[in-house]
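The values are calculated or read from the model by the stated rules, or taken from the named source; none is laboratory data. All values derive from a computational prediction rather than experimental measurement. So basically every Cβ, Gly included, is an ideal-geometry build from the backbone, and we count neighbours across all protein chains shown.
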Amino acid sequence: MLFDKVTRLPPDLFFIDKKAPVSLQAQLITCVVTLVLQQQIPAGTRMPSSRSLASFLGISRLTVTLAYNELVAQNYLVALPRSGYAISHDAPKRQSFYPTAPIGSKALDWSTRLRPDRQRQRAIVKRRDWEQFPFPFLYGQMDWSLFNHAAWRDCARRALGLKEFDLLAGDWASEDDPMLIDHICTRTLPRRGIQATPDEVLITMGAQNALWMIIDLLKHDGRLAVYEDPGYPDIPEMLRFSEARSLAVTVDNEGINPDSLPNNTGYVFVTPSHHVPTGVTMPMQRRRELLKAANDKDFLIVEDDYEFEIGLPTSPSPALKSIDTAERVIYVGSFSKSIFPGLRLGYMVAPEPFIRQARALRAMMLRHPPGHMQRTTAYFLAQGYYDALIVKMGDAMRERRERLYAALSQSDFEIISPSQYGGTSLWVKADERIDCEEFSAALAKRGVLIEAGTPFFENSPKPCPYFRMGYSVIQKDAIEEGVAVMVDCHREMMSQLAKEPEQV
């Protein structure tokens, strides 16, 4: 679409969505930039007057004026004396090419170039529309009412300052933000009883990235990797994708039992603070037994220490890493669980030789996590905002947990998780004849979201009556009503199952 330079663009070329999370001003700027770059509007073409465009879009004239002024600063528009605004002669231009495929070309058969397809076998389904449900008993989402957005914005502003622009714009190769590393070593890890030097810590893109690199570094000698069953489903998936030898070991009410580990174990993945998904906390005696077994059988331990400080009524148990005297524990922590999920920032702690190799591996994958996010997080920690958030979240999670626990205790369901160990979820069991997948689907139609337990098992029982109920986002006053809806649905399904033999 081409316009004569004396033409004024009609307002109906512009569109904004008032329900979008992006500001109206930002949407209008994006709309103008898109028109300039994609429609190749000639220089000199007049923009609609701020009054007419504001009237057409149903927004403030000031919003239009501010957007126009920002576009002038970016050289997309030019202000005309007493005549409004027009497309700048120096506006960026985009050259488009439209190549044609050679006649007779044959599409490549990609199956001959790739290894056999590695489709996921176990995955937790994450719904994007969960906020539309009145009773979202989901794990891993963020209650924004608890988060100090102004504090985070202030930390981001500090990190964007001219004084620290080199951290944002420079190439730091494989190094991490020294401010963040220092805070982890001096304040975060000591809370877990861990003493570490900067060369024993590596920043990662969340715990997931750390776990993947650990597997990649340890799989080379072909030793057996052991993981918990039930457990975090991404561990066996990562082991399978990396073609590492692996074995699932059933956990009991104290976590993984060292006596059940085979003699050829090379490394074992554990979640001792809050077992995934049951929430069980491994007792100190079991932790000592696990470390002794690691020495006796010569294996390593990968400790995923998520949610160790959320909602606990008392001080958390020391990390496995803190009582490891033989350097056999690789510790994985995450800020994504406690600050917000989209942060994707975690860390690993291990002996210097391991961190050195992990740093080299990370450098070949992504160099380092974005410097700006590292420095923003460092400020958030150093300024005390993180500690305040943990206290606020802890109080809210404890209250929600108590209400959910009380409601479930009076229901038809069995709570598998111990009640005293904090966190943000409970592991729950329905009647043995109820399948959690069918139960979850039926509940979703009634506005209730739960997580079916099937993906957490290596070989899930059939039917699988287990499911996980998170309480990080559901409001406390909705808990009892949500459980009541679950009870009604459960009883209806049980009644239907009781009738089925009569229909045979």
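See the values below:
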item	result
Filter result for the condition that a residue is buried (at least 21 other Cβ atoms within 10 Å of the Cβ) and not hydroxyl-bearing (Ser, Thr, Tyr), over Ala378, Ala396, Ala388	Ala378
Restricting the stretch 465-482 to residues that are crowded, with 21+ Cβ neighbours inside 10 Å and assigned to a loop (DSSP other than H, G, I, E, B), the residue that is farthest from the chain's Cα centre (by Cα)	Ile474
Count - residues of the stretch 41-76 that are over 36 Å from the mean Cα position of the chain (by Cα), assigned to a helix (DSSP H, G or I) and of a type outside the set (A, V, I, L, M, F, W, C)	8
The stretch 243-279, residues that are polar (S, T, N, Q) and touching a strand residue (DSSP E or B) at 6+ places or on another chain (Cβ under 9 Å)	Ser246, Thr250, Asn257, Ser260, Asn264, Thr265, Thr271, Ser273, Thr278
Counted residues, the stretch 366-394 - those being outside any loop (DSSP other than H, G, I, E, B) and free of Cβ contacts under 8 Å to residues at least 24 places away in the same chain	2
Neighbours by Cβ (under 7 Å, 6+ apart or cross-chain): first from the stretch 170-189, acidic (Asp, Glu); second assigned to a helix (DSSP H, G or I)	Asp176/Gln374; Asp177/Leu167; Asp177/Gly371; Asp177/Gln374; Asp177/Arg375; Asp177/Ala378
Number of positions in the stretch 407-462 that are part of a loop (DSSP other than H, G, I, E, B) and not aliphatic (A, V, I, L, M)	26
Qualifying residue in the stretch 437-447 (condition: touching a residue at least 40 places away in the same chain (Cβ under 8 Å) and over 22 Å from Gln132 (Cα atoms))	no
Set Lys219, Lys292: member being assigned by TED's automatic domain parsing to the domain that holds Arg362, of a type outside the set (A, V, I, L, M) and surrounded by fewer than 17 Cβ atoms within 10 Å (Cβ to Cβ)	Lys292
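The rows are residues; the columns are (1) under 22 Å from the mean Cα position of the chain (by Cα); (2) surrounded by fewer than 14 Cβ atoms within 10 Å (Cβ to Cβ); (3) not in a helix (DSSP H, G or I).
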| residue | (1), (2), (3) |
| --- | --- |
| Lys106 | no, yes, yes |
| Arg115 | no, yes, yes |
| Arg122 | yes, no, yes |
| Val125 | yes, yes, yes |
| Gly140 | yes, no, yes |
| Ala150 | yes, yes, no |
| Leu180 | yes, no, no |
| Pro190 | no, yes, no |
